[in-house]
Amino acid sequence: MLKRLVDVATYKTIFDVDETSVTTFEEEADGTVHLNKIQDAAPILQINKEEYHSGANDRTTSPFGRKVASIPLTVWNNWMKATNGAIEHDQVLLAKYLNDKDNLYFRTHNSRI
């Protein structure tokens, strides 16, 4: 079901809704269109905090290694834009972002990457 939200100079249509996000299609008076995704990252950040403090990711017996972070999709997309996609293939750059104290909320383990 699509709902129309009226803004002063734009029209927004809810394009997609899932458990944690809403995507709107926005058409401006000049004909420009935008897709905007808004995500409620609070559940992800809460789980990250619990895992970080509980030691749930301390064991390294998994063949996949240790889970060190969980990044909301909207944040990942912003990082992809900021790095022109380089962060997807550059482990050093990803480690730089994850080791940044401003991104501690995404961490699920206290190890340095």
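The values are calculated or read from the model by the stated rules, or taken from the named source; none is laboratory data. Predicted model only: the values in this text are computed from it and were never measured. Here the Cβ is made from the backbone with ideal geometry for all residues, glycine too, and neighbour counts use every protein chain on show.
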#### Entry: Qualifying residues in region 52-94 (those that are surrounded by 12 or more Cβ atoms within 10 Å (Cβ to Cβ) and among the aromatic types (Phe, Trp, Tyr)) - the one nearest to ILE38 (Cα to Cα)
TRP76
### Residue that is modelled with the lowest pLDDT [pool: residues in region 12-44 that are surrounded by 14 or more Cβ atoms within 10 Å (Cβ to Cβ) and outside any strand (DSSP E or B)]
THR20
### Message
As an exercise: evaluate ASN84 against (1) out of contact with any strand residue (DSSP E or B) (no Cβ under 7 Å at 6 or more places or on another chain); (2) modelled with pLDDT of 95 or more; (3) part of a helix (DSSP H, G or I) and give the number of the one condition it does not meet.
### Response
(3)
